[in-house]
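Heads up: the structure comes next, in structure tokens.
The values are calculated or read from the model by the stated rules, or taken from the named source; none is laboratory data. Treat the numbers as computed from the prediction; the structure is a model and nothing was measured. Every residue, glycine among them, receives a Cβ derived from its backbone with ideal geometry; neighbour counts consider all protein chains shown. Note: areas computed on protein heavy atoms with side chains; ligands, DNA, RNA excluded. Shrake-Rupley method; radii C 1.70, N 1.55, O 1.52, S 1.80 Å.
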Amino acid sequence: MEWETVIGLEIHAQLSTRTKIFSGASTAFGAEPNTQACAIDLALPGTLPVVNENALRMAVMFGLAVNAEIGKRSVFDRKNYFYPDLPKGYQTTQLAEPIVGAGYIDITLDDGETRRVRIHHAHLEEDAGKSLHEDFHGMSGIDLNRAGTPLIEIVSEPDMRSAKEASAYARKIHAIITTLGICDGNMAEGSMRCDCNVSVRPKGSPTLGTRTELKNINSFRFIERAIETEVARQIDLIEDGGRVIQETRLYDPDKNETRSMRSKEEANDYRYFPCPDLLPVIIDDSYIADIQKSLPELPDARKQRFIDEYQLSEYDAGVLSTYRPQADYFESVAKHTQDAKLSANWITGELAKHLNQHDIDITACPVSTEQLSGLLLRIQDETLTGKIAKTVFEVMWNDGGSADEIIEAKGLKQVTDSAAIEAIVDQVIASCTAQVEQYIAAEPDKRGKMLGFFMGQVMKLSQGKANPGQVQGLMKQKLDALT
Amino acid sequence: MFNLTLTELATRLAQGDFSSVELTQAYLDRIQALDSQYNSFITLAADSALEQAKLADELRKKGQVGLLSGLPIAHKDLFCTAGLKTSCGSKMLDNFISPYNATLVERLNQAGAVTLGKTNMDEFAMGSSNESSYYGPVRNPWDTDRVPGGSSGGSAAAVAARLVPACTGSDTGGSIRQPAALCGITGLKPTYGRISRYGMVAYASSFDQAGPMTRSAEDAALMLQVMAGLDPLDSTSADQPVPDYRAHLNDSLAGLKIGLPKEYFAEGLDPGIAQQVQAAIQEFERMGAQVKEVSLPNTELCIPAYYILAPAEASSNLSRFDGVRYGYRCESPVDLEDLYKRSRGEGFGSEVKRRIMVGTYALSEGFYDAYYRKAQQIRRMIQQDFLTVLKDVDVIMAPTTPQPAFKLGEKNSDPVAMYMEDIYTLSLNLAGLPGMSIPCGQSQGLPVGLQIIGSYFSEAKLLNIAHQFQLATDWHQQSPAGL
């Protein structure tokens, strides 16, 4: 039987507010346990929440960015359950009246096709603390630094039909929230986490199969692998005559398998009700209009502008517009060098390679836009060959310095003096007699390919500094004269 | 000295008849000598009280005088007081010393008040007789075989026994007014939101309201002046100007329109109370007021609606008492579930557990619409009843309680009989309206309370009416035999 996969995503993104959603404690990551939890975060008796206006503002920004209705009236609810890292015994969240209503985004698939994914709603809520089960000799430690960190939970409709679509959707959400500057997007630190609701059904069936929920996946790659693994498990199960149980499952990336966490039967009755400590949030049109005006350029618009303004390819424009710091980096370099294609190639090529290898975000890139621009300018004016430029870049990455300083210090300037180049060309022809004879004996249309060998020899002797264009011209001219 | 009101004591301190240290010491001695008969205090704060008194005396010498400089008061034991135990009358918080002051405590401190200690109360403010306290029942100074009412029974008894000139109380369903009536003192429950709830341990957040418990309306006005006002730490506190309450005490009552709800003078009302309340109404007629019968047709729905909504909120509010971060923790828990079950099972008393169970049930999936949502609808109907009547009359007058103080143990085993105690009071908490209880006579030798109910934020009017009554009568000056 042919199966169809149905996927819906719930993405939790931590909002980049300085303070928590209901208290004045800092949200900074990585502090000593329990040093960023105030009386309200600890749920001391008598404490009350006050909504962080900035969190509301960020949620509205998100809503506008995904073409959503903004809830003019939104209500905070209490989701009641006991857990040691949930200090109040309930999570303050939004259920019936969320701040962001129905919206959508368009995602581009690998084959270039676009697909619209509807967003059911997005709501504000508070994060819980962390339970630490190691190092406490059979007991658990509770760190409440994260308790009360504002989250926006973005709930999609079950509109995705493959693991690839799901990860494309997650990447797009990531691009939007980082472009808006409402989330740092750091998945390794848990700033963005993803729950995947996955089910399968016979292709063409109008009804949905029973879904499982894969919890807390923290990378795009794992989203794809977890879904693929789970889909295979569900299909195997059904084809063997089994039945999918609605349950929460955990993806284990080491074993590449999903396993059951808890079934629906064991699920809590959360006893939601409106939080009586918080008044309904009322948002008026002028507030929304002000935010609309202040929205930064969104990834889709920026991609189109990159195509129109810089004549980038669809692909390059897509890659470079996804992550705002990278897009800003590109624009700065492209403006400096006035060569968008060269800038794009270097940023998606050499620079991206180095950032990946060293696991560094572009915001912490050791090579500034001025440095890279300076380097590219030396390629443009033929001071550097492409090959030598990579050497200069390597030095820049490791030791800093401008391109000109490095070229000067290391004597890497390109040789364009034709007399000097001719001397090396002659030297190569004189020393490679066997290859020269082969060249002469070859059919004229085969000679072009053979030229590469002689080029390589010249570059080697010149330590890569000889201008490749000049070398090629002269070498061809001299060899052809011998035939 | 002990028969002087707060206002009179303020004058005497200003005149230098005695110092705050002398006054404070005298009250501390009196509490130590007499309170074993009443059990009205949980914590006596002798050292810190004398320090506050000393400071008030020093500041007075420098001319720095606040509204309550050097005046001794006591707080119901659900207001968080930095450095003092805040037990809520519960084993659960027997070990809890708050690191912070409730906003109300802070304001009273700033005004120069001296905190003599913390008064006894029904556990977590749940009760109408002060018999549910972990610290034992409070006894009514008018007859120590009888209850003082609840939940602010300690505050009421302490003021009635002249152990302290004024106390703070809290009123969720009548917890200021009912004990004020039963102990023959003046109690004011302001409009919901008039006084900050920050630092007042929550029972039912949308009902809870703090207020003063005093010997006279004039003293209540003085206390409220300091306690009232917007608090940025409490989102539900009212952004309404605070009038000069004492400036309106002597306004004329000529032409005042008083409504008497027929449902409050029906079956179940003690004839002696009915007679005293009618006599009081006639007193107002002599002052030029007009009286008419009005109807609050949904009165019989008040108790059922309240006993859904208040326990629902309580079931969530009390979830934070889980034995994890503070408060009572059971001995040697074997695992998390055991920790929760035994800490809460051993830490809470039976009335608290009953309301947590009722509230949990009312919020449960499948019952929410039938109970919680229905009760919310009734709440709006009851509010509407009052608003309709208050368009027609300036204030509503009624008995505060159906019976005078009852015997200890009399209603303890019958929760429904106990809940009926609040039949005339808890409708105001459902509607969020302000109400006062003032002494207006005696029945069977026990005090009778007259309840005065006004529109939102009409506290100045209520205080004016109560003060005029107290100028014309001396019921508020009556004291229990032997005091």
For region B:415-467 and region A:97-134, what is the centre-to-centre distance using only Cα atoms, to the nearest Å?
51
Estimated inter-spin distance, A:Ser286 and A:Arg118, nm [label 7 Å along Cα→Cβ]
3.5
So for the protein assembly as shown, taking the charge dipole from beta-carbon charges (+1 Lys/Arg, -1 Asp/Glu), which of A:Gln94, A:Ile107, B:Gly66 sits furthest toward the positive end?
B:Gly66
Using Cα positions and a limit of under 20 Å, work out the lysines in reach of B:Lys262, with same-chain residues fewer than 8 apart set aside.
B:Lys292, B:Lys391
Place a point 7 Å from the Cα of A:Ser219 in the direction of its beta carbon; the residues of region A:1-33 whose amide N falls under 19 Å from it are A:12
Taking the Cα centre of chain A as the origin and placing charges on Cβ (Lys, Arg +1; Asp, Glu -1), which of A:Ser162, A:Ser191, A:Phe22 is farthest toward the positive end of the dipole?
A:Ser162
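Lys and Arg at +1, Asp and Glu at -1: add these up for the other residues within a Cβ distance under 9 Å of A:Ile282 and post the number. Mind showing how you got there, number by number?
Details: positive: A:Lys72, A:Arg73; negative: A:Asp284.
Result for the neighbourhood of A:Ile282: +1.
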Give the residue from A:Cys38, A:Leu278, A:Ile223 lying farthest towards the positive end of the charge dipole for region A:3-287; charges sit on Cβ (+1 for Lys and Arg, -1 for Asp and Glu) and the dipole is referred to the Cα centre.
A:Leu278
Please give every one of the lysines within straight-line cross-link reach of A:Lys413, meaning a C-alpha to C-alpha distance under 20 Å, and leave out same-chain neighbours fewer than 8 residues apart.
A:Lys387, A:Lys390, A:Lys460, A:Lys465
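How big is the charge dipole of the protein assembly as shown about its Cα centre, in debye rounded to the nearest 20, if each Lys and Arg gets +1 on its Cβ and each Asp and Glu gets -1 on its Cβ?
On the way: 93 positive and 124 negative charges, 162 e Å.
I would put it at about 780 debye.
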Candidate cut points under trypsin sites (Lys or Arg not before Pro) in region A:228-258, DSSP loop plus at most 12 other Cβ atoms within 10 Å of their own Cβ, are A:Arg243, A:Lys255
Quick one: pull the percent of accessible area on chain B belonging to carbon and sulfur, 1.4 Å probe, ligands and nucleic acids left out.
50
Listed by chain and number, the residues whose amide H is under 5 Å from that of B:Ser133, excluding neighbours fewer than 5 places away on the same chain and using placed H, are B:Glu123
Spelling out what I want: for every residue of region B:127-138, take phi, set θ = phi - 60°, compute 6.51 cos²θ - 1.76 cosθ + 1.60 (Karplus), and round to whole Hz; glycine and proline get x.
x, 10, 9, 6, 9, 8, 5, 4, 8, x, x, 8
Using a 10 Å cut-off around each Cβ of peptide A:426-439, what is the average number of partner chain Cβ atoms that fall inside?
0
With a point put 7 Å past each Cα toward its Cβ, work out how far B:Ser350 is from A:Lys387 in nm, to one decimal.
9.4
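Taking 0.36 nm per intervening residue step and subtracting the Cα-Cα distance, what contour gain separates A:Glu405 from A:Lys293 on full extension? Numbers along the way, then the final one.
Numbers: separation 112, 0.36 × 112 = 40.32 nm, distance 4.39 nm.
Value of the extension gain: 35.9 nm.
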Can you pick out the pairs among B:Lys118/B:Lys374; A:Lys72/B:Lys189; A:Lys79/B:Lys91; A:Lys88/B:Lys411; A:Lys20/A:Lys293; A:Lys341/A:Lys410 whose Cα atoms lie more than 30 Å from each other?
B:Lys118/B:Lys374; A:Lys72/B:Lys189; A:Lys88/B:Lys411
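Rounded to the nearest 20 debye, what is the charge dipole size of region A:3-287 about its Cα centre when +1 sits on each Lys and Arg Cβ and -1 on each Asp and Glu Cβ? Spell out each step's value before the answer.
On the way: 32 positive and 43 negative charges, 64 e Å.
Roughly 300 debye, rounded to the nearest 20.
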If you keep only loop residues by DSSP, which GluC sites (Glu not before Pro) in region B:303-364 have at most 12 other Cβ atoms within 10 Å of their Cβ?
B:Glu331
Residues in region A:182-221 reached by a label modelled at A:Ser140 [backbone nitrogen below 19 Å; 7 Å Cα→Cβ]:
A:215-217
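Before I look further, what does region B:22-130 give for accessible area per residue, probe 1.4 Å, in whole square angstrom?
Numbers: 3640 Å² over 109 residues.
Heavy-atom accessible area per residue stands at 33 Å².
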Roughly how much accessible area, to the nearest 100 Å², goes out of reach of solvent when A and B pair up, both sides summed, probe 1.4 Å?
2700
Region A:178-254: relative contact order from alpha carbon pairs under 8 Å, six or more residues apart, as a whole percent, is 30
Could you derive backbone 3J(HN,Hα) for region A:286-292 from the dihedral phi with the Karplus parameters 6.51, -1.76 and 1.60 (θ = phi - 60°), listing whole Hz in sequence and x where the residue is Gly or Pro?
5, 4, 5, 4, 4, 5, 3
About the Cα centre, and with charges only on the beta carbon of Lys, Arg (+1) and Asp, Glu (-1), how big is the dipole of chain B? Nearest 20 debye, please.
360
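Would you mind calculating the gained length between A:Leu109 and A:Glu257 on full extension (0.36 nm times residue separation, minus the Cα-Cα distance), in nm to one decimal?
Working: separation 148, 0.36 × 148 = 53.28 nm, distance 2.57 nm.
Result: 50.7 nm gained on full extension.
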Search the structure for amide H atoms under 5 Å from the amide H of A:Met261, placed 1.01 Å from N in the peptide plane, and list their residues when 5 or more places away or on another chain.
A:Thr248, A:Arg249, A:Leu250
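What percentage of the solvent-accessible surface of region A:300-410, computed with a 1.4 Å probe over protein heavy atoms, is contributed by carbon and sulfur atoms?
Numbers: 2600 of 5420 Å².
Carbon with sulfur: 48 percent of the solvent-accessible area.
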Amide H proximity to B:Phe41 below 5 Å, modelled H, separation 5+ or other chain, gives B:Asn120
A:Gln463-A:Leu279 pseudo-label distance in nm [points 7 Å out on the Cα-to-Cβ vector]
7.5
3J(HN,Hα) from dihedral phi, region A:170-183, Karplus parametrisation 6.51/-1.76/1.60, rounded to Hz, x for glycine, proline
4, 5, 5, 4, 4, 4, 5, 5, 6, 5, 5, x, 9, 8
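Would you mind getting me the FRET efficiency between B:Gln240 and B:Glu8? Use the beta-carbon distance for r and R0 = 30 Å, nearest 0.05. Please report the intermediate quantities before stating the final value.
On the way: r = 30 Å, r/R0 = 1.00.
In this case the efficiency is close to 0.50.
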For chain B, averaging the sequence separation of alpha carbon pairs under 8 Å that lie six or more residues apart and dividing by its residue count, the contact order in percent is 18
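Considering only DSSP states other than H, G, I, E and B, which GluC sites (Glu not before Pro) in region A:309-363 qualify as loop sites with at most 10 other Cβ atoms within 10 Å? The partial results should precede the final answer.
Numbers: sites: A:Glu309, A:Glu314, A:Glu331, A:Glu350; in loops: none.
Passing sites in region A:309-363 do not exist.
Under a 1.4 Å probe, what is the accessible area of region A:300-410 per residue, stated in Å²?
Details: 5420 Å² over 111 residues.
So region A:300-410 comes to 49 Å² accessible per residue, rounded to a whole number.
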One finds the C-alpha centres of region A:215-268 and region B:290-322 to be spaced, in Å, by 46
If I ignore ligands, DNA and RNA and count only protein heavy atoms, how much of A:His120 is accessible to a 1.4 Å probe, in Å² to the nearest 10?
90
For the protein assembly as shown, rounded, prolate or oblate, judged on the Cα gyration tensor with a ≥ b ≥ c (square roots of eigenvalues), a/c < 1.5 rounded, else prolate if a/b > b/c?
prolate
Please give the contour-minus-distance gain from B:Asn95 to B:Leu471: 0.36 nm per residue of separation, less the Cα-Cα distance, rounded to one decimal in nm.
130.9 nm
Given an 8 Å cut-off on Cα distances and at least 6 residues of separation, report the relative contact order of chain A as a percent.
13
In whole angstrom, how far apart do the alpha carbon centroids of region A:424-447 and region B:28-52 sit?
111
